[in-house]
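Following: one structure in structure tokens, then a few remarks.
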Amino acid sequence: MIPSTLREGIAAVAILLGFISVIASFRKKWMSHALKVGGLFLLLGLCLFSDSEWSYLAGIFIVATAVTRLDYLQNLIAIIRGNKDYFDYKKEFVSHNEVFEQKLKELKGFQNEERQARDDAEMVIASPHTQPEPVQLALIAEEFAFKKIERAYNKPIQRHIRIIGDSQQFEFDGLIELADACVVCTSKIIPHSPFPFEPVVHSVDRLLQQSFDYKKLLPDNKKLIVTFVIVNSFEEGVKNELKEKLADYKSAGASLGIEFELLLFSFAELGLYSLEKSES
């Protein structure tokens, strides 16, 4: 069929060039660029043949992803949609390597601080040699704890989120966005004994301050719930002592407009029986 208009002629030529570029991509050294060029030509041809303003608009954004930065497009879409809240903060996922490094640093920090406070105490790792290393154990236990929280809220947790504001950025182990509230989840998995009370209390102080700063980014009608999760083997009396030390943080959080929730799980309560500390 011969094209009846100049637009259809250009569309036919574009599609032909697209197929030629795709064929050229069979050459390994041309593959990346030839596929991209071929895709753009095919897209141009299809948009011209459809002759629809919606296809032209979609085509503009698709082509733009190949030639400009993604954050520029996100800003442009937010402007078109009139999404003012988008510019208050941006959200991204923390990479797996960063999560691993953070957990490793945290575990080492807890052990080092507690050793300085109790030099005569023996540090015992909860997992035997045949079980995962402490960082893997921390990630497994965190996942099991988060599953319990997800069942309570009947909504999935966004794992390891970075919130980027104008002048600050925040990192949370988990985030649940509800219609009227945001739930920030922070986990402290401590696979050793004795329990490091002081470092944990200090981490609650930092968490509440960070959460208060994050709350300023939220709409006024959204409340902020901070869920602090601790997983340990919890030797006798540790849970009660820990609850006493953290009892005041519920009222401290309320004074900041934050609802503070403390969740304590043993490895056995999460179903990780084989990872409990050996009593030998």
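Cβ separations smaller than 8 Å between residues 6+ apart or across chains give the following pairs from region 258-273 residues that are under 30 Å from L217 (Cα atoms) to residues that are among the hydroxyl-bearing types (S, T, Y): I258/S211; F260/Y249; E261/T227; L262/Y249; L263/T227.
Could you say whether any residue in region 180-195 is over 21 Å from F267 (Cβ atoms) and either outside any strand (DSSP E or B) or outside the structural domain of E244 (by TED's automatic domain parsing) (or both)? Checked against the condition, which is being over 21 Å from F267 (Cβ atoms) and either outside any strand (DSSP E or B) or outside the structural domain of E244 (by TED's automatic domain parsing) (or both), region 180-195 yields at least one hit. Contact map, region 122-145: first residue within 18 Å of E269 (Cα to Cα), second residue part of a helix (DSSP H, G or I) and modelled with pLDDT of 80 or more, Cβ cut-off under 6 Å, separation 6 or more or different chains; pairs are S127/L137; A138/K103.
In region 229-254, the residues that are within 24 Å of L175 (Cβ to Cβ) reach residues that are of a type in the set (A, V, I, L, M) and assigned to a loop (DSSP other than H, G, I, E, B) with C-beta atoms within less than 8 angstrom, at least six apart or across chains, in these pairs: I230/I190; V231/I190; V231/L270; N232/A126; N232/I190.
For region 113-134, does any single residue satisfy the condition of being at pLDDT below 65 and part of a strand (DSSP E or B)? Within region 113-134, one or more residues are at pLDDT below 65 and part of a strand (DSSP E or B).
Only residues that are buried (at least 20 other Cβ atoms within 10 Å of the Cβ) and either closer than 24 Å to F144 by Cα or not assigned by TED's automatic domain parsing to the domain that holds V238 (or both) were counted in region 200-214, giving 4.
The values are calculated or read from the model by the stated rules, or taken from the named source; none is laboratory data. Bear in mind that the values here come from a model prediction, so they are computed numbers and not experimental data. Note that each Cβ is placed from the backbone with ideal geometry, even for glycine, and that neighbours are counted across all protein chains shown.
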